[in-house]
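Each reported figure results from applying straightforward, stated rules to the coordinates on display, with no laboratory input. Remember, it's a predicted structure, so these values are computed and weren't measured experimentally. Cβ coordinates were reconstructed from backbone atoms using ideal geometry, including for glycine residues, and neighbour counts include every protein chain displayed.
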Amino acid sequence: MHRKRVGCALALGVLLCAVWVSRPSANEEFPFGRELLLDTQPMKGSKRIPGIEIDSDGIAAIDLWCNTMQGRAIVSADAITISTGEKTDRPCAPERAQADDDLAAALAQVTHWRWEGESLVMDGAKELRFRLHTN
């Protein structure tokens, strides 16, 4: 009787492990509709951190260091292309305006994305690391 229970418990354990391993992880899929924050510290004198949210229809809302912009994104498997639109014309300190331009250019050059632990990494001319925004 005891051997039968141990055998059933082992079989159940193997089955549960197989189901868990074959189950796709949330980190394997692109997080459409979720706000992603650039993995960095705010600039001196501000609490703002740039972020991006890409809907499943490809509409991208992009918050830069000072301004915002709309864009379009095409995500397919591990490939990604982001087309940025016009920035809002909010008055910014010169270093923030330059940081906006640099980030917009880096986003326009990304070609691939991947999960690395809890970070979504976008590769291009410059590697951009994002984390899911949690409240």
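The table for this structure:
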quantity	calculated
Scope the stretch 35-56; condition exposed (fewer than 15 other Cβ atoms within 10 Å of the Cβ) and not polar (S, T, N, Q); matching residues	39, 42, 44, 45, 47, 48, 55
Residue that is nearest to the chain's Cα centre (by Cα) [pool: residues in the stretch 123-133 that are of a type in the set (A, V, I, L, M, F, W, C) and crowded, with 17+ Cβ neighbours inside 10 Å]	130
Residues within the stretch 84-117 that are touching a helix residue (DSSP H, G or I) at 6+ places or on another chain (Cβ under 8 Å) and within 27 Å of residue 46 (Cα to Cα), tallied	3
Hits in the stretch 84-122 (condition: part of a strand (DSSP E or B), closer than 17 Å to residue 53 by Cα and within 16 Å of the chain's Cα centre (by Cα))	112, 113, 114, 115, 119, 120, 121, 122
Conditions (1) within 14 Å of the chain's Cα centre (by Cα); (2) within 15 Å of residue 31 (Cβ to Cβ); (3) surrounded by 12 or more Cβ atoms within 10 Å (Cβ to Cβ); number of the one not met by residue 59	(1)
Single unsatisfied condition, residue 105 versus (1) small (Gly, Ala, Ser); (2) free of Cβ contacts under 8 Å to residues at least 40 places away in the same chain; (3) more than 15 Å from residue 71 (Cβ to Cβ)	(3)
